[in-house]
Amino acid sequence: MKIVVMSDSHGDIMTVRKIISAHKDASIFIHLGDGENDIETVRDENPRLTIYNVAGNCDIDRYSSSTP
């Protein structure tokens, strides 16, 4: 099983796409924060991929949300 871990994309969705494209044989992708909106975009584009993510200290939108 191949797991790809990344973080700190900070709006650079093109690099996230390149990482995913370069690792087509990966079973799981994990994003460790500071770019959650990037991961949501990529997840929407690739619904069959297994992508996990956590909020980073710059993912302010997640902390200010009214939903738990």
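Placing Asp38, Asp25 in order of accessible area, with the largest value first and a 1.4 Å probe, yields Asp25, Asp38. Around the amide H of Cys58, modelled in the peptide plane, lie the amide H atoms of Asp34, all under 5 Å away and 5 or more residues distant in sequence or on another chain. For segment 20-25, 3J(HN,Hα) computed residue by residue from phi via the Karplus equation (6.51, -1.76, 1.60; θ = phi - 60°) reads 5, 5, 6, 10, 4, 8 Hz, glycine and proline entered as x. Selection among Pro47, Ile13, Asn57 by position relative to the dipole of the chain gives Pro47 as farthest towards the positive end (Cβ unit charges, Cα centre).
The label point for Leu32 and the one for Asn46, both projected 7 Å from the Cα toward the Cβ, are 1.9 nm apart. Computed on protein heavy atoms with a 1.4 Å probe, the accessible areas place Ile30, Ile39, Ile60 in the order Ile60, Ile30, Ile39, largest first. Per-residue 3J(HN,Hα) values for segment 32-39, derived from phi via the Karplus relation 6.51 cos²θ - 1.76 cosθ + 1.60 with θ = phi - 60°, read 9, x, 6, x, 4, 5, 4, 5 Hz in sequence order (x marks Gly and Pro). Check which residues have an amide H placed less than 5 Å from Ser7's amide H, if you skip close sequence neighbours. Residues meeting the amide H criterion: Leu32.
The values are calculated or read from the model by the stated rules, or taken from the named source; none is laboratory data. Fair warning: this is a prediction, and the values are worked out from it, not measured in the lab. A quick note on method: Cβ atoms are made from the backbone with ideal geometry, for glycine too, and the neighbour counts reach across all protein chains shown. Ligands, DNA and RNA are stripped out before the accessible areas are found, and what is left, the full protein with its side chains, is counted by its heavy atoms. Shrake-Rupley method; radii C 1.70, N 1.55, O 1.52, S 1.80 Å.
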